[in-house]
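For reference, the structure discussed in these notes is given below.
Computed from the coordinates by the stated procedures, all read-outs in this text should not be read as laboratory data. Just so you know, these numbers come straight off a predicted model, no measurement behind them. Because the Cβ atoms are built from the backbone with ideal geometry, glycine has one as well, and the counts that use them run over all protein chains shown.
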Amino acid sequence: MDIEFAPSKRSTVGIEWELACVDHASGELTPAGPEVLARLNDPSDVFPHVTGELLTNTVELVSAPHDRVADAVDDLRRLVARVSEVTEPMGVDLMCAGTHPFSQWFQQEVTPGKDRYATLIDRTQWWGRQMMIWGVHMHVGIDDPRKVLPIINGLLPYYPHFQAISASSPFWSGESTGYASSRTMLFQQLPTAGLPPQLTEWDDYERLVADLTHVGVIDDHTELRWDLRPSPKWGTIEIRFCDGLSTSAEVASVAALAQCLVEELSRKLDRGEELPTLQPWFVRENKWRAARYGMEAIIIQDAAGNEALVTDDLRAILERLTPIATQLGCLDELWGVERILDGGASYQRQLQVAADNAGSLKAVVASLVTELRDGL
């Protein structure tokens, strides 16, 4: 099976930001997505645009591809303003987090008229119905298809860093889960989701897709919902493991970290260097540690098993990436990661709001709505 990887400009960035629609009075999720899209009448083949998702409580904002992270995030900010003009008269607020603090999954509606959504729910049943989750996906352009799989493998050691600073799902169905990111644990239950296999050659990827297609697991490669995957149609690597982020500034910081790391790995390949990787069992352990402990995770740094506090390792990474960020024009956005480290990730802010308001999860939703609208 031949899968063509489209030409793409190196290290360009496109961002997808999933937002939840909540009732202004109750804070509950509301199935406003289809009506919002109908009122916007936004063509889905023109960038930037707003589109639907699996559940009717969601709208997804999609930027155009840009050289600079700031320009992609500006697209998203303009889209938020456009969507808000529609939702406010409807009594609907917008928020973003990995999960909704108290709404119930079994009360949500699947978006009608989409065969792939119907097929997903029919196949996955109870687990698929629980995908009441939101994330941020980042596409980074790759200039040579031979780099795709090595860069994916090279990014896996940084999985816990992204997870820690984006973690925003400490609550599920009205309960505190004890996890910084319960979304991470939920999403990996889908049969084609989770960590990608560490493949080395494009032929390996094509054979894997052919095998899974042959036995009916998938219809095509787009149904591989890995945390990190090739996106052949766009000529990008898609980074999919971040929880939903409640502010555009945090989206910008996480996207800048992604852009800089991909560019750093690409430059190493240009110099003929072999990219450091981690054993799959270390990658899996790091994923769990970051989902469970967030900013307090002790992560495995390398194949030798050296460990560090994720926040300490992130500060060292920011220093190392500063020259690249300067060249890519995303220095301010990259160093926004430090503001997350100093001020707390979303899961920490949510837990604090609940503690300050006698455990009120409605207060948590209100804080998330305010953060999306006004920033931190």
* Asked: surrounded by 15 or more Cβ atoms within 10 Å (Cβ to Cβ), at negative phi and either over 19 Å from the mean Cα position of the chain (by Cα) or part of a loop (DSSP other than H, G, I, E, B) (or both): does that describe Leu76?
  -> no
* Asked: Is at least one residue of the stretch 43-63 outside any loop (DSSP other than H, G, I, E, B), surrounded by fewer than 17 Cβ atoms within 10 Å (Cβ to Cβ) and over 20 Å from the mean Cα position of the chain (by Cα)?
  -> no
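Would you mind stating whether Val110 is free of Cβ contacts under 8 Å to residues at least 60 places away in the same chain, in contact with a Phe, Trp or Tyr (Cβ under 6 Å, 6 or more places away or on another chain) and at negative phi?
yes
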* Answer from Thr277, Thr247, Thr236, Thr213 - the residue that is buried (at least 17 other Cβ atoms within 10 Å of the Cβ), touching a residue at least 40 places away in the same chain (Cβ under 8 Å) and more than 21 Å from the chain's Cα centre (by Cα) -> Thr277
* To do: Tell me the helices (runs of 4 or more DSSP H) entirely within the stretch 285-376 that contain at least 3 residues that are under 30 Å from Gly91 (Cα atoms) and touching a helix residue (DSSP H, G or I) at 6+ places or on another chain (Cβ under 6 Å).
  => 346-356, 361-374
* Asked: Any residue in the stretch 4-11 that is of a type outside the set (Ser, Thr, Tyr), more than 30 Å from Leu334 (Cα to Cα) and assigned to a loop (DSSP other than H, G, I, E, B)?
  -> yes
* Any residue in the stretch 266-278 that is in a helix (DSSP H, G or I) and under 19 Å from Val13 (Cα atoms)? -> yes
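Can you work out which of the residues in the stretch 163-205 that are among the charged types (D, E, K, R) and either in contact (Cβ under 8 Å) with a residue 12 or more places away in the chain or touching a Lys or Arg at 6+ places or on another chain (Cβ under 8 Å) (or both) is surrounded by the most Cβ atoms within 10 Å (Cβ to Cβ)? Lay out the reasoning, then the answer.
First, the residues of the stretch 163-205 that are among the charged types (D, E, K, R): 175, 183, 201, 203-204.
Within this subset, residues satisfying the condition of being either in contact (Cβ under 8 Å) with a residue 12 or more places away in the chain or touching a Lys or Arg at 6+ places or on another chain (Cβ under 8 Å) (or both) are 183, 201, 204.
Details: Arg183: 30, Glu201: 11, Asp204: 13.
That would be Arg183.
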